[in-house]
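Here is the structure we will look at, set down as structure tokens.
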Amino acid sequence: MRSLICSILLLMIAVICQGCGDHASTEAPAVRHSATDPESGATLTTSIETTEISIAQRIWVVDRWSFPEAYRAEFTPRDWSTSDWSVVQVDEEPMQLRDGQLEVIRRVQLEPFLPGDYSIPGATLLIKSENDQPPTTISTEPLQVTVLGVLTDDDKGALNPIADAQVPADTEQNQPGLLWAGIAFGVALLAGGIYLLLHHSGTDTRAPSVYQELRTIIDSKDQQIGYERLARVFDRLDPRLRSTSEFREMISACDRARFGQEPAAAKLATPSRIAQHALQLLGHDTTSTIGGDA
């Protein structure tokens, strides 16, 4: 009996360990790119801890360069304003002497704006000698990162793109008074609808759908008007959609651009780009014509 219990426990431990091993093997690996100057022996390394993050996560880019004391090295900061990333934080450790080499470590924390496949530019190091020789340059290769969305297919199907009125649940049953009141209200609505059809049959007073508005924004050249239109479109969405992290980020980026809080961010989060991503999240093709309706 005791041996049987031990066998069962060992089997359970093996299953748990196997499951943990399978989970670890699916994680995106860290990536490191390096470059070396053969004359001076200076090295430059750029690394990221993973190649796959979600839209709600941030990523650290680590640049590490070392060079002999007889040389000087100048690191060229990247121009993040033209990239698909927003800089959150920059840390640079003081220069240290390690194994006869001077070493500097610089870390930059980035956050994405939209899901997709993006590139992190490589780093560049300028190396100068003390004997007036022409300087040399070494660079690392760009790094590729995949940014995943947070809305699953089930979420997209369950959330209604247009906000509906909240109807309270019926807490009591067998109420004839409420039943007759509802019938009378329905008859009144029907009569009103017939009257409107008879008097306005030649005029289409329907407001453009959310999808039509988004497609119009994609084709619009006026960015400021585009941000205002986006704000009105977001107000029409289901509150459950607006509360998801992706739509919250788009709404926040739109507000920052509308009120001029981050002019640099407006170059990245253009109205057309926000509208395209909103259509994708709502399950619509961004190449459709404006005349199409949902």
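Laid out as a table, the results:
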quantity	calculated
Modelled FRET efficiency - R0 22 Å, residue 76 with residue 32, Cβ distances, 0.05 increments	0.70
Amide H contacts of residue 102 (H built 1.01 Å from N, under 5 Å, at least 5 apart or other chain)	67, 69
R0 of 41 Å, Cβ-Cβ distance residue 222-residue 69: FRET efficiency to nearest 0.05	0.10
Residues with amide H under 5 Å from that of residue 122, placed H, sequence gap 5 or more	143
Diffusion coefficient, µm² s⁻¹, Stokes-Einstein with Kirkwood Rh over alpha-carbon pairs of the stretch 31-149 at 10 °C and 1.306 mPa s	105
Potential lengthening between residue 133 and residue 252 on full extension [0.36 nm per residue; Cα-Cα distance subtracted]	37.7 nm
Ordering of 124-135, 49-60 by packing [mean C-beta count within 10 Å, highest first]	49-60, 124-135
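Read-outs: derived from the displayed coordinates by stated rules, not from any lab. Just so you know, these numbers come straight off a predicted model, no measurement behind them. Positions of Cβ are backbone-derived with ideal geometry, glycine not excepted, and every protein chain shown enters the neighbour counts.
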